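Below is one structure, written out as structure tokens; the observations come after it.
The values are calculated or read from the model by the stated rules, or taken from the named source; none is laboratory data. Predicted model only: the values in this text are computed from it and were never measured. Note that each Cβ is placed from the backbone with ideal geometry, even for glycine, and that neighbours are counted across all protein chains shown. To get the accessible areas, we keep the full protein, side chains included, count just its heavy atoms, and leave off ligands, DNA and RNA. Shrake-Rupley method; radii C 1.70, N 1.55, O 1.52, S 1.80 Å.
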Amino acid sequence: MKVAIVTDKPRFQILPTEEGIMEDKQKRKTIKDIKEVLSKKYNCIDLIFDETLISKLKKEKVDLVFNLCNGINGDSRLSQLPAVLEFAGIPYTGSSPLGHGLAYNKIYSCKLFQGIKIPTPKFTYIYNINEVKNINITYPVIVKPKDEGSSRGIHENSLVFNEDELVKKLKNDLELYNPPIMITEYIEGREFTVGVLGNGKNVTVLPILEVDFSELPKHLNNIYSFEVKFHYGDKTIFHVPAKIKKETKKVIEKLAIKAYNILGMRDYARVDIRLRNEIPYVLEINSLPGLMKGHSDLTKMAEASKLGYEKLIMKIVDNAINRYYSDDKLNNKIV
């Protein structure tokens with residue numbers, strides 16, 4: 001069986017900030033990590049998503065694409081590669097174009113959470129700065145892009161405490177990210193992330209990870225900001241499995257699976273949650289979470305379980321294969 005790891009062109013040209021530089025650096029390292037694992041069992045290559053991708057995949061006779069594409073630009077960029085692959089009839093790992101679209105646009109996902117009574121922060125959103133005077137909010141609030149992931153767009157100044165700070169932050173974000181920009185209720189409490197694997201009835205939850213901010217310098221906020229993730233990693237404590245009550249653990253796991261299913265996630269995803277007064281609030285779902293060995297949260301959870309990193313990568317591939325191929329086809333196709 002031949003597997004192609006497909007990722008994006010460098011994003012720095014579109015996002016010429018430290019965020020863009022770090023994203024491109026992570027991609028290169030992640031490709032190396034995953035290719036090292038998959039090459040032990042499969043014929044594995046890596047390709048860049050561009051106008052020639054489909055012809056290259058067909059020329060190489062690729063059986064499965066390991067999708068690592070966040071997309072470069074556009075409102076639906078996370079859905080672009082899955083849509084192209086579905087058009088070409090080429091199997092791939094991860095969620096469908098619709099699933100990615102729902103998860104990536106946090107406005108849609110939060111509305112769906114509200115619709116089935118999953119606790120989620122109250123929110124509003126604006127397309128231009130003149131709309132600020134019409135919103136009714138209670139400070140502090142979090143200002144964030146509706147369609148970024150892995151702390152991109154979440155900075156220390158994203159937690160705002162008054163209207164002046166809000167206007168300043170919104171002006172910056174409206175220039176840098178796709179409108180509308182979200183303004184969400186700040187949930188003061190413990191932060192968790194939950195890795196979910198599988199499809200249909202075969203969905204499992206990895207050990208819950210808690211992000212502990214107690215050792216951060218006092219000038220930083222207790223949020224998992226870009227600055228914290230990339231510059232204060234040594235001051236961030238990760239408890240995995242999280243030290244929580246058994247009843248709370250069950251509720252968090254149940255909510256994570258419920259959120260995963262309502263957005264139609266496939267193969268794997270990560271659900272971010274804040275706990276206030278023992279009530280878990282689902283913040284968002286990352287439908288294409290990072291897989292950089294030893295760094296990304298999902299890999300930390302896998303290492304704390306029986307899986308480990310290599311089995312996590314193989315599990316993602318197995319989940320995708322089981323969706324596409326029957327047992328008879330598997331016997332003939334996979335060696």
Mind listing whichever residues of the range 275-292 are part of a strand (DSSP E or B), open to solvent by less than 10 Å² (accessible area, probe 1.4 Å) and not hydrophobic (A, V, I, L, M, F, W, C)?
Pro280
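If you check Ile126, Ile135, Ile116, which single one turns out to be in contact (Cβ under 8 Å) with a residue 40 or more places away in the chain, more than 21 Å from the chain's Cα centre (by Cα) and more than 23 Å from Leu170 (Cα to Cα)? Please lay out each step first, then the result.
On the way: Ile126 fails: more than 23 Å from Leu170 (Cα to Cα); Ile135 fails: more than 23 Å from Leu170 (Cα to Cα).
Ile116 is the lone residue from the list that is in contact (Cβ under 8 Å) with a residue 40 or more places away in the chain, more than 21 Å from the chain's Cα centre (by Cα) and more than 23 Å from Leu170 (Cα to Cα).
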Single match in Asp46, Asp63 (criterion: among the acidic types (Asp, Glu) and in contact with a helix residue (DSSP H, G or I) (Cβ under 6 Å, 6 or more places away or on another chain))
Asp46
Of these, Val203, Val194, which one is touching a residue at least 40 places away in the same chain (Cβ under 8 Å), crowded, with 21+ Cβ neighbours inside 10 Å and either out of contact with any Gly (no Cβ under 8 Å at 6 or more places or on another chain) or more than 20 Å from Lys250 (Cα to Cα) (or both)?
Val194
Need the failing condition index for Leu47 against (1) assigned to a helix (DSSP H, G or I); (2) in contact (Cβ under 8 Å) with a residue 24 or more places away in the chain; (3) touching a Lys or Arg at 6+ places or on another chain (Cβ under 8 Å), just the number.
(1)
So, first residue touching a residue at least 24 places away in the same chain (Cβ under 8 Å) in the range 246-274, second residue outside any strand (DSSP E or B) and among the aromatic types (Phe, Trp, Tyr), Cβ within less than 7 Å, six or more apart or across chains; the pairs are Ala259/Phe113; Ala269/Tyr260; Val271/Tyr260
Just to be sure I understand the filter: pairs with C-beta atoms under 9 Å, separated by 6 or more residues or on different chains, first member in the range 83-94 and closer than 22 Å to Ile313 by Cα, second member among the acidic types (Asp, Glu) and open to solvent by less than 10 Å² (accessible area, probe 1.4 Å). Which pairs pass?
Thr93/Asp267; Gly94/Asp267
I need the full set of residues from the range 138-172 which are touching a residue at least 24 places away in the same chain (Cβ under 8 Å) and more than 27 Å from the chain's Cα centre (by Cα), in order please.
Thr138, Glu163, Val167
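Please tell me if Leu68 is among the hydrophobic types (A, V, I, L, M, F, W, C) and touching a Phe, Trp or Tyr at 6+ places or on another chain (Cβ under 7 Å). Break it down stepwise before answering.
Details: among the hydrophobic types (A, V, I, L, M, F, W, C): yes; touching a Phe, Trp or Tyr at 6+ places or on another chain (Cβ under 7 Å): no.
Here the answer is no, as Leu68 does not meet what is asked.
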Considering only the range 284-302, I want to know if a residue exists there that is in contact (Cβ under 8 Å) with a residue 60 or more places away in the chain, more than 19 Å from Lys229 (Cβ to Cβ) and touching a strand residue (DSSP E or B) at 6+ places or on another chain (Cβ under 9 Å).
no
Of all residues in the range 212-260, count the ones that are open to solvent by less than 50 Å² (accessible area, probe 1.4 Å), charged (D, E, K, R) and at pLDDT 85 or above.
2
